[in-house]
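Notes for the one structure printed next.
All of the numbers you see were taken from the coordinates with simple rules; none came from a lab. Just so you know, these numbers come straight off a predicted model, no measurement behind them.
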Amino acid sequence: MARSETWAQLGAELRSVRTLAGLSQRDVVRLTGISQSSVSRLERGDALPSRAERSPG
């Protein structure tokens, strides 16, 4: 599987978990401090989390 396919699959999983939890992207932004554009890129599979986004609290 190509990297872009893997990223797209990860993004789809993130979106699925978010929606199953009843959260909007805005909710994720508020809860995590990650920007709206980053959340969107992650869910589209256009990017992986940056080091800062992966680091706990």
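By the compact-protein rule of thumb, 2.2 N^0.38 Å, the alpha-carbon radius of gyration of the chain corresponds to a ratio of 1.09.
Where only DSSP H runs of four or more residues are counted, the chain gives -20000 deg cm²/dmol as its mean residue ellipticity at 222 nm, each run worth -39500 (n - 2.57).
Annotation: extensible slack from residue 19 through residue 35 equals 4.0 nm (criterion: 0.36 nm per residue apart, minus Cα-Cα distance). Relative contact order for the chain: 44 percent, from Cα pairs under 8 Å spaced at least 6 residues apart, divided by residue count. Straightening the chain between residue 50 and residue 4 buys 14.9 nm, computed as 0.36 nm per residue apart minus the Cα-Cα spacing.
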